[in-house]
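Colleague: First the structure, which I've put down as structure tokens, then a few questions once you've had a look.
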Amino acid sequence: MSDKEFAETFMEIDTDGSRTISWDEFSSALLKKSPKEVTRCELESLFKEKDTDGSGKLNKKEIKEMCNCLGIKGQDETIDRILNDSDKNGDGEVDFQEFLAAYKSA
Ligand SMILES: [Ca+2]
Ligand SMILES: [Ca+2]
């Protein structure tokens, strides 16, 4: 991906123009729907798809892979922020409950 393409992807995801990607922007980009239209079932299958090692939690690497799918490459800051915002029990990973809670609070 060229710098220009990267910038375009970023701008597309950053819908409020804040120059940072918030969880709701991130999830909207991921599912191509507004957060309100996404069903629990869709979230569950998304979560399972992204949980590549089947641990039932998303670790930083899995979140990073999710970002890579969106073309958000090497944005450690963004990944850390998504992880920190979502990880309520502080185990450094996002389980489905946390994922759901983060999604609903978006
Ligand atoms: Ca996992
Ligand atoms: Ca957690």
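The values are calculated or read from the model by the stated rules, or taken from the named source; none is laboratory data. Just so it is clear, the model here is predicted, and its values are computed rather than measured. Neighbour counts run over all protein chains shown; Cβ positions are idealised from the backbone, glycine included.
Colleague: How about segment 9-58: which of its residues are more than 22 Å from Asp76 (Cβ to Cβ), of a type in the set (D, E, K, R) and either touching a Phe, Trp or Tyr at 6+ places or on another chain (Cβ under 7 Å) or not in a loop (DSSP other than H, G, I, E, B) (or both)?
Modeller: Within segment 9-58, Lys36, Glu37, Arg40, Glu42, Glu44, Lys48, Glu49 meet the criteria.
Colleague: Between a residue in segment 81-106 that is near ligand 2 (Cβ under 7 Å from one of its atoms) and any residue that is of a type outside the set (D, E, K, R) and modelled with pLDDT of 95 or more, which pairs come within a Cβ distance under 7 Å, given they are 6 or more apart or on different chains?
Modeller: Partner pairs satisfying both residue conditions: Asp87/Val94; Glu93/Leu58; Glu93/Asn59; Val94/Leu58; Asp95/Gly56.
Colleague: Would you mind stating whether Lys61 is within 16 Å of ligand 2 (Cβ to nearest atom), among the basic types (Lys, Arg), in a helix (DSSP H, G or I) and without any contact (Cβ under 8 Å) to a residue 12 or more places away in the chain?
Modeller: Numbers: within 16 Å of ligand 2 (Cβ to nearest atom): yes; among the basic types (Lys, Arg): yes; in a helix (DSSP H, G or I): yes; without any contact (Cβ under 8 Å) to a residue 12 or more places away in the chain: yes.
Judged against the criteria, Lys61 is a match.
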